[in-house]
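*Asks:* Let me give you the structure first, and then I'll get to my questions.
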Amino acid sequence: MTDTTKAANAMWGGRFADGPDAIMEAINASIGFDQRLARQDIEGSRAHAAMLAATGIISDKDAGAIREGLLTVLSEIETGRFQFSTALEDIHMNVEARLKELIGEPAGRLHTARSRNDQVATDFRLWVRDQADAAITGLDALIVALLGQAEAGADWVMPGFTHLQTAQPVTWGHHMLAYVEMFARDRSRFADARVRMNECPLGAAALAGTGFAIDRDATAQALGFDRPMANSLDAVSDRDFALEFLAAASICAVHLSRLAEELVIWSSAQFRFVTLSDRFSTGSSIMPQKKNPDAAELIRAKIGRIMGAMVALFTVMKGLPLAYSKDMQEDKEQVFDAADHLMLALAAMTGMVADMTANKGALAAAASSGFSTATDLADWLVREAGLPFRDAHHATGALVAMAESKGCDLPDLSLADMQSVNPAITQGVFDVLTVDASVASRTSYGGTAPANVRDQISRWRGRLG
């Protein structure tokens with residue numbers, strides 16, 4: 001070992017005992033994480049080999065040996081018997097090397113008319129497509145759980161908030177359906193992204209296509225793609241599909257975080273709107289009375305790492321020239337991590353929503369507080385007394401102030417109290433000052449009336465089949 005090598009080893013420490021060669025191997029290898037693409041890699045290779053045989057580029061005999069050898073490799077990987085090597089850099093070379101050990105010379109024909117560039121683009125696209133499907137399935141389950149809650153409490157009253165201050169009464173079912181709408185948009189984003197990503201890069205080779213008479217339509221069809229990608233440069237350098245997946249995942253994680261925040265607030269001793277099941281709560285190491293909504297809090301935190309993954313990949317891609325650059329090896333870990341945590345958060349939220357118990361009495365009591373029917377009073381003054389809305393708003397504000405000074409709510413004021421503010425008020429005003437009457441009156445499309453809620457539940461049940 002030369003003095004220079006010794007100095008380098010001292011600089012880099014014991015982790016890289018062999019000096020610069022070990023450093024290069026460590027920074028270059030991706031097998032530590034891209035082994036997750038094994039199934040997609042083998043699926044793509046089998047489709048490629050079948051196409052090569054069908055077009056006469058390789059023999060049927062070699063294609064058969066490749067097909068059987070790849071199935072053996074997949075079995076070894078899935079049963080934990082496969083030995084991955086960092087010296088072979090990535091999943092593609094690991095699979096190909098093992099295939100050669102198993103079947104010999106025919107393994108060398110598999111890479112005809114393709115490159116690792118179009119191979120990894122295909123593998124990764126297949127993997128992200130699978131994750132989009134998984135996210136859609138997870139969102140369907142969460143929507144069903146929310147619909148169950150909405151149906152159970154279609155006419156239960158609760159406070160609707162703005163600025164986390166009591167605003168107007170709404171129904172529990174209406175509140176649950178708000179999240180149904182949000183998660184349905186998330187579902188549509190994953191579905192839309194899936195449509196755009198469903199084009200096949202395989203056959204683009206390194207960047208310019210190939211001189212072999214390949215059939216790209218055949219490989220695209222075999223892998224479930226709608227069509228081959230139309231430009232070979234774009235095919236190997238595009239990662240829009242991963243960015244779109246991360247964008248959809250980030251918006252979905254925001255929605256999960258918002259619902260998680262409400263569950264944290266609602267399950268507190270100060271609110272008691274809901275009780276979370278023991279399956280999704282923990283105790284305190286020192287305070288025996290505590291029941292902590294840890295699952296909700298952890299879901300609330302997931303947005304940080306999922307959005308962080310999106311920003312990381314945008315940053316990797318933003319300055320890359322066409323076509324492939326090694327920077328793009330940094331595309332997978334962020335997507336793998338984000339997908340894992342999104343699916344975990346979806347599963348946990350679905351469990352919490354399905355298991356939680358809403359406290360009808362606490363919801364109703366809170367709905368009646370904070371002068372929540374003040375808007376109904378103002379609307380009555382417009383409708384029945386003919387006041388302009390701004391005048392009605394002013395009169396209602398005066399009545400709220402009077403009730404506040406008396407330490408009571410609006411329905412507890414006497415008719416004389418109300419007429420002292422506006423003589424046009426009649427006994428009929430008290431018919432609109434209950435929270436049940438308030439929510440029942442909100443029959444405009446998208447409103448909180450129980451009849452609307454049940455119609456929307458029926459509509460969603462029909463859409464989900």
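*Asks:* State, in angstrom, two size descriptors of segment 35-186 derived from its alpha carbons: Rg to one decimal place and Dmax to the nearest whole number.
*Replies:* 25.3, 75
*Asks:* Given the DSSP H assignment, sum -39500 (n - 2.57) over each helix run of at least 4 residues in the chain and divide by its residue total; what's the result at 222 nm in deg cm²/dmol, nearest 500?
*Replies:* -20500 deg cm²/dmol
*Asks:* If you average the sequence gap of Cα pairs under 8 Å that are 6 or more apart and divide by the length of segment 24-112, what percent do you get for the contact order?
*Replies:* 42 percent
*Asks:* Now for a different question. In Å and whole numbers, how far do the C-alpha atoms of segment 154-230 stretch along each principal axis, longest first?
*Replies:* The Cα atoms of segment 154-230 stretch 70, 24, 12 Å along the principal axes, largest first.
*Asks:* Which values, in whole Å and largest first, are the semi-axes of the equivalent ellipsoid of segment 117-365 obtained as the square root of 5 times each eigenvalue of the Cα gyration tensor?
*Replies:* 44, 18, 14
*Asks:* Which whole-number percent gives the relative contact order of the chain, counting Cα pairs below 8 Å spaced six or more residues apart?
*Replies:* Relative CO of the chain lands at 16 percent.
*Asks:* Here's something else I'd like to know. So if the hydrodynamic radius of segment 284-374 is defined as the Kirkwood radius over C-alpha pairs, what does Stokes-Einstein give as its diffusion coefficient at 37 °C and 0.692 mPa s, in µm² per second?
*Replies:* In µm²/s, the coefficient is 190.
*Asks:* So between Asp337 and Thr72, what do we pick up on full extension, going 0.36 nm a residue minus the alpha carbon distance?
*Replies:* 92.6 nm
*Asks:* For a Förster distance of 41 Å, can you work out the FRET efficiency between the beta-carbons of Ala365 and Gln427, rounded to the nearest 0.05?
*Replies:* In this case the efficiency is close to 0.95.
*Asks:* Here's a follow-up. From the C-alpha coordinates alone, can you work out the Kirkwood hydrodynamic radius of segment 24-112, in Å?
*Replies:* Every distinct Cα pair counted, the radius reaches 13.2 Å.
*Asks:* So, one more: How many percent of all Cα-Cα pairs in segment 58-99 sit more than 13 Å apart? Mind dumping the intermediate values first?
*Replies:* Values: 468 of 861 pairs.
Of all Cα-Cα distances in segment 58-99, 54 percent exceed 13 Å.
*Asks:* For segment 71-150, what D do you get in µm² per second when you plug the Kirkwood radius from alpha-carbon pairs into Stokes-Einstein at 20 °C and 1.002 mPa s?
*Replies:* In µm²/s, the coefficient is 138.
*Asks:* So which DSSP H runs in the chain come out at 30 Å plus along the axis (Cα) with average Kyte-Doolittle of at least -0.5?
*Replies:* Helices meeting the criterion: 116-152, 172-197, 240-266, 294-317, 332-355.
*Asks:* Taking the Cβ-Cβ separation of Ser441 and Arg39 as r and a Förster radius of 56 Å, what is the calculated FRET efficiency to the nearest 0.05?
*Replies:* 0.50
*Asks:* Additional query: Could you please state how large a percent of the accessible area of segment 369-464 is carbon and sulfur, counting protein chains only and using a 1.4 Å probe? Provide the component values of the computation, followed by the final result.
*Replies:* Working: 2630 of 4990 Å².
The computed percentage sits at 53.
*Asks:* Now for a separate question. For the chain, go through all pairs of different Cα atoms, get the mean of 1/r, take its inverse, and jot down that Kirkwood value in Å. Walk me through the intermediate numbers first.
*Replies:* Values: mean 1/r = 0.0373 Å⁻¹.
Hydrodynamic radius (Kirkwood, Cα pairs) of the chain is 26.8 Å.
*Asks:* Let me ask another. Could you grab the relative contact order for segment 117-365? Cα pairs under 8 Å, six or more apart, rounded to a whole percent.
*Replies:* Relative contact order here is 25 percent.
*Asks:* Something else now. In angstroms, what radius of gyration and Dmax does segment 369-464 have, counting Cα atoms only?
*Replies:* Rg, Dmax (Cα atoms, Å): 15.9, 54.
*Asks:* Order these peptides, 430-438, 413-421, by their mean beta-carbon neighbour count within 10 angstrom, highest first. Please report the intermediate quantities before stating the final value.
*Replies:* Working: 430-438: 18.4, 413-421: 15.3.
Ranked from most to least packed, the peptides come out as 430-438, 413-421.
*Asks:* Using 0.36 nm per residue, how much length does the chain from Asn231 to Ala347 gain when fully extended, once their Cα-Cα distance is taken away?
*Replies:* Taking Asn231 through Ala347 to full extension adds about 37.9 nm, to one decimal.
*Asks:* What FRET efficiency comes out for Asp355 versus Asp21 if R0 is 56 angstrom and r is the Cβ-Cβ distance? Round to the nearest 0.05.
*Replies:* The calculated FRET efficiency here is 0.55.
The values are calculated or read from the model by the stated rules, or taken from the named source; none is laboratory data. Worth saying up front: this structure is predicted, and the values here are computed from it rather than measured. Methodologically, a virtual Cβ is constructed for each residue, glycine included, from the backbone with ideal geometry; neighbour enumeration extends over all protein chains shown. These accessible areas exclude ligands, DNA and RNA; they are computed on the full protein's heavy atoms, side chains included. Shrake-Rupley method; radii C 1.70, N 1.55, O 1.52, S 1.80 Å.
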